[in-house]
Amino acid sequence: MGRRVELSAEKQEEADKLFKKEAFNIVASDMIALNRSVSDNRDPQCSRVSYPKVMPNASVVIIFHNEAWSPLLRTVHSVVNRSPPEYLHEVILLDDFSDRAGLGEKLDGYIKDTWPDGIVKVVRAPERQGLIRARVLGAKAATGEVLVFLDSHCECNVQWLEPLVARIKESRSALLCPMIDVIDAKAMSYNGIGAGSVGGFWWSLHFSWRPLPQRERKRRKSSVETIRSPTMAGGLFAADRKYFFEIGGYDPGMDVWGGENLEISFRVWMCGGTLEFVPCSRVGHIFRSSHPYTFPGNKDTHGLNSKRLAEVWMDGYKRLFYHHRRDLLVINPQFNADAGDFSDRLQLRRDLKCKSFKWYLENVYPEKFIPDENVIAYGMVRNPSSNLCLDTLSKDEKMVFNLGLYGCQGGVSSNQLFSLSQSNELRREESCMDSVGGEGSPVKLMPCHGSRGHQEWTYNLETKVIVHSSGKCLDKVEEKNGGEVKVEKCNGKDSQIWEFENYIGPS
Ligand code: UD2
Ligand code: MN
């Protein structure tokens, strides 16, 4: 039933050792039945939905490179066992040139013995493709009406397939994601808590989970209705097979891992389709903290793939990506910033007559904060007497931490990019400067709450002081890199003087 695995001390030791290689607990996984059941954690409303008699059938494409045996086969068993045969056209196991023992003849033999009807097919890539081209190979081999992509370490929950194909029957231009449940990498328990309700992104072009937006709360009439999402995590989704290719499949110039999820998300919205999360379809996934495979040539494939997507889809907003990745801005052989030729993708965008990225931001992701648009000021926030600037000191911005100071970097460090918003927040993408207001209390960066109070700051252009809602002034503590800032009684001294790199003014 998806419960956690308890290991003896001895087995735990072995598991810890292997964890480094696999990035999940393979000892525990090997102890669990390949066809284990999981608890039905859907909204109770879901079991009362009735689906049409006739729905499109699906090819489930599972790509893998050197995946461990038990998670791979548990994925396949869960697909076959929990999909109604009339809608499961085939399962395609696309082997992206694995060289791990057991994934060759042994796998072929197991599949032939277990599913003699041929429902599960193995297709092998002649050389390493990376996950993006591997998925396209799998999709080309598929003949079902719908494509469903899965990672090779998933477990499908009860009735996972029906709501996906039912929605595609209604809307062929919808890309549909099941809700992703977490299979704990250590205990291998199937936990019904997905990380968030919809997908977003950071301007560094990493994916983020977001809470359910207000507008979706309003729009949806019931909890079983699909949720429109600006982006997807990438691995688990369904699409009408023909539509998937009509809108350009994937960018074949993208290597190994990363970026393709945002690329297809922006593309489907901008080119007339939708991206929807399906609450009644749930699939577990083992979230691993590192990649248990090689990156040929040691390339930063996430960076290079993201550069391609920024160049093709983001119009002028690509500047915000390059602010985080100046190293990718110029083609410098030393930094390996050559993302290759993407003229075919630009042509695709023209052929499909896709809308602008500005349209996407305004209509699909209106809550996305744009650091240099509709703001009072942005850029470095500099204390002139010391030439120190406000700086995140590279801390994890999903956490709460004390804001720091660092020598001003002339605009080349994204850690020093701050905005003074129209609602008087001093902020980053998601986090705001926050002070409880007591004299000498430190200033923290924490999630923006949007209701002013501790997060309200006003800038006085004449006196160059930043005044907190408590009436106190932003003050630097010590004149050194890594020093902190605090609020103090306003005194007009040099330590309370701040200049914004770009001042636009209130609108
Ligand atoms: C997430 C996605 C993943 C992909 C990635 C961004 C989820 C749950 N997972 O990372 O699907 O979109 O973000 O690129 O949304 N693989 C190959 N060839 C390779 C490398 C990987 O076939 O060269 C396979 C791998 O065996 C796995 C799948 O691709 O089945 C995804 O790789 P991952 O699980 O390492 O990615 P993940 O979940 O960290
Ligand atoms: Mn994965």
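Here Glu367 does not qualify as in a helix (DSSP H, G or I), closer than 23 Å to Thr231 by Cβ and either touching a residue at least 24 places away in the same chain (Cβ under 8 Å) or hydrophobic (A, V, I, L, M, F, W, C) (or both).
The condition (being within 12 Å of ligand 1 (Cβ to nearest atom), within 22 Å of Leu262 (Cβ to Cβ) and assigned by TED's automatic domain parsing to the domain that holds Tyr243) is satisfied by just one residue among Leu175, Leu131, Leu103, Leu164: Leu131. Within the range 138-155, residues that are at negative phi sit with their Cβ atoms under 7 Å from residues that are among the acidic types (Asp, Glu) and within 12 Å of ligand 1 (Cβ to nearest atom), at 6+ positions apart or across chains, in these pairs: Ser152/Glu67; His153/Glu67.
Could you look through the range 139-157, keep only residues that are within 9 Å of ligand 1 (Cβ to nearest atom) and either in a strand (DSSP E or B) or among the small types (Gly, Ala, Ser) (or both), and pick out the one that is surrounded by the fewest Cβ atoms within 10 Å (Cβ to Cβ)? Once the filter is applied, the top-ranked residue is Phe149. Of all the criteria given as (1) outside the structural domain of Lys140 (by TED's automatic domain parsing); (2) near ligand 1 (Cβ under 9 Å from one of its atoms), the one not satisfied by Met254 is (1). Applying the set (1) surrounded by fewer than 22 Cβ atoms within 10 Å (Cβ to Cβ); (2) modelled with pLDDT of 95 or more; (3) touching a strand residue (DSSP E or B) at 6+ places or on another chain (Cβ under 7 Å) to Val477 leaves exactly one unmet item: (2). Residues that are under 30 Å from the mean Cα position of the chain (by Cα) and among the hydroxyl-bearing types (Ser, Thr, Tyr) within the range 28-56 comprise Ser29, Ser37, Ser39, Ser47, listed in sequence order.
So Glu105 clears everything in (1) touching a Phe, Trp or Tyr at 6+ places or on another chain (Cβ under 8 Å); (2) away from ligand 2 (no atom under 16 Å from the Cβ) except one condition, right? Which one? That leaves (1) as the condition not met. If you go through the range 370-392 and pick out every residue that is under 17 Å from Ser507 (Cβ atoms) and outside any strand (DSSP E or B), you end up with 5.
Within the range 479-507, the set of residues being among the aromatic types (Phe, Trp, Tyr) and not in a strand (DSSP E or B) comprises just one member, Trp498. All of (1) within 30 Å of Asp99 (Cα to Cα); (2) touching a Ser or Thr at 6+ places or on another chain (Cβ under 7 Å); (3) at pLDDT below 95 hold for Thr294 with one exception: (2). If I ask for residues that are modelled with pLDDT of 95 or more, surrounded by 14 or more Cβ atoms within 10 Å (Cβ to Cβ) and either over 26 Å from the mean Cα position of the chain (by Cα) or assigned to a loop (DSSP other than H, G, I, E, B) (or both), which ones from the range 431-462 would you list? The answer is Asp434, Ser435, Val443, Cys448, His454, Gln455, Glu456, Trp457, Thr458, Tyr459.
Please go through the range 108-153 and pick out each residue that is among the aliphatic types (A, V, I, L, M), more than 16 Å from ligand 2 (Cβ to nearest atom) and in contact with a strand residue (DSSP E or B) (Cβ under 9 Å, 6 or more places away or on another chain). The answer is Ile111, Ile119, Val120, Val122, Val123, Ala125, Leu137, Ala139, Ala141, Ala142, Val146, Leu147.
Regarding the range 262-271, can at least one residue be identified that is free of Cβ contacts under 8 Å to residues at least 60 places away in the same chain, surrounded by fewer than 23 Cβ atoms within 10 Å (Cβ to Cβ) and within 12 Å of ligand 1 (Cβ to nearest atom)? No; the residues of the range 262-271 include none that is free of Cβ contacts under 8 Å to residues at least 60 places away in the same chain, surrounded by fewer than 23 Cβ atoms within 10 Å (Cβ to Cβ) and within 12 Å of ligand 1 (Cβ to nearest atom).
Out of curiosity, is Leu275 surrounded by 17 or more Cβ atoms within 10 Å (Cβ to Cβ), away from ligand 2 (no atom under 16 Å from the Cβ) and either within 19 Å of the chain's Cα centre (by Cα) or in a loop (DSSP other than H, G, I, E, B) (or both)?
Yes: the conditions hold for Leu275.
Taken over the range 406-422, the criterion of being of a type in the set (A, V, I, L, M), assigned to a loop (DSSP other than H, G, I, E, B) and surrounded by 18 or more Cβ atoms within 10 Å (Cβ to Cβ) is satisfied by Leu417 alone. Is one or more of the residues making up the range 63-82 modelled with pLDDT under 95 and either loosely packed, with under 15 Cβ neighbours inside 10 Å or in a helix (DSSP H, G or I) (or both)? The answer is no; no qualifying residue exists. A count restricted to the range 209-248 and to residues that are away from ligand 1 (no atom under 14 Å from the Cβ) and in a loop (DSSP other than H, G, I, E, B) stands at 13.
Looking across the range 219-247 at every residue that is aliphatic (A, V, I, L, M) and within 16 Å of ligand 2 (Cβ to nearest atom), the one that is nearest to Gly273 (Cα to Cα) is identified as Met232.
The values are calculated or read from the model by the stated rules, or taken from the named source; none is laboratory data. Predicted model, so just to flag it, every value in this text is computed and none were measured. Here the Cβ is made from the backbone with ideal geometry for all residues, glycine too, and neighbour counts use every protein chain on show.
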